[in-house]
Amino acid sequence: MAAGARIELLVTSGTFALDGSVWDVDNNVWLVGDDHEVIVIDPAHDADAIDRRVGGRRLKAIVCTHAHNDHIDAAPGLADRTGAPILLHPADLPLWHQTHPDRSPDLELLDGVLLSVADTELRCLHTPGHTPGGICLYTPALGTVFTGDTLFHGGPGATGRSFSDRPTLVASIQQRLFNLPPETVVRTGHGEATTVAAEARQLS
């Protein structure tokens, strides 16, 4: 399917809190769509800023790559403004309810689910390890995989905190992401982009 969508980046700032510690963070909020419709990936920190970037377009879905608070804290506010459903893998519900005890996601985002926006498909890849329900979204038409905190420029996401496991994460990356075309652009939850080939060399 030919890609009719483009990729937009909004960086928002706030805090990440887990296991009694708090860190200041900048998050990448990704928008995929055209002039008429869009999806938002990882609604971080500022629902008003994200809604302004959506800019009156139809927001088809609010996709959470995982349920750490800094990737979901603006999700209910954005959903309330737009009527768009929130999508999350069900294995991350315990983390989600730490941040939003009185609001649940609207739809389960399971492995293999296809999302469509602006004549462009994105496929959900379940990549546990950073969290149990961590997912990536792969769009071959745009040559891109959105990895949240599964894979960064320079290696795998953080582990060593609650709900995380490094061997599981490394296996997810090797089995699900390193099988993608090497030129695939990796657009991450924090920091700069990279490629599958560059990160495969790092872990080889």
Put a dot 7 Å past each Cα toward the Cβ at LEU107 and ASP80; how far apart are the dots in nm?
-> 2.3 nm
In the neighborhood of PHE146, defined by Cβ-to-Cβ distances under 9 Å, what is the net charge if each Lys or Arg adds +1 and each Asp or Glu adds -1?
-> 0
Any idea what the dipole of region 102-204 comes to, in debye rounded to 20, about its Cα centre with Lys/Arg Cβ at +1 and Asp/Glu Cβ at -1?
-> 320 debye
Which net charge results when you count Lys and Arg as +1 and Asp and Glu as -1 among the other residues whose beta-carbon is under 15 Å from that of HIS89?
-> -4
Could you work out the Kirkwood radius for the chain, taking every pair of different alpha carbons, averaging 1/r and inverting it, reported in Å?
-> 16.6 Å
Can you pull a Stokes-Einstein diffusion coefficient for region 109-152 at 10 °C (1.306 mPa s), Rh from Kirkwood over Cα pairs, as a whole number of µm²/s?
-> 149 µm²/s
Hey, what does the equivalent ellipsoid look like for region 1-51, semi-axes from the Cα gyration tensor as sqrt of 5 times each eigenvalue, largest first, whole Å?
-> 28, 11, 8
Take the Cα atoms of region 22-121, build their convex hull, and give its volume per residue in Å³.
-> 94 Å³
Determine ³J(HN,Hα), in whole Hz, for all residues of region 110-127 in sequence, where each value follows from phi through the Karplus function 6.51 cos²θ - 1.76 cosθ + 1.60 and θ = phi - 60°; x replaces Gly and Pro.
-> 9, 4, x, 4, 9, 10, 10, 8, 6, 6, 10, 9, 10, 10, 6, 10, 6, 10
Which whole-number percent gives the relative contact order of the chain, counting Cα pairs below 8 Å spaced six or more residues apart?
-> 17 percent
With a bin width of 10 angstrom, please list the P(r) values of region 125-181 as percents of all Cα-Cα pairs, from the 0 bin to the one holding the largest distance.
-> 26, 57, 15, 2
Near LEU10, within a Cβ-to-Cβ distance under 13 Å, what is the net charge of the other residues, with Lys and Arg +1 and Asp and Glu -1?
-> -3
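No lab work stands behind these numbers, since they all come straight from the coordinates. Only a predicted model underlies this, so the values are computations on that prediction, with no experimental measurement involved. All Cβ positions, even for glycine, are placed from backbone atoms using ideal geometry, and neighbour counts span all protein chains on display.
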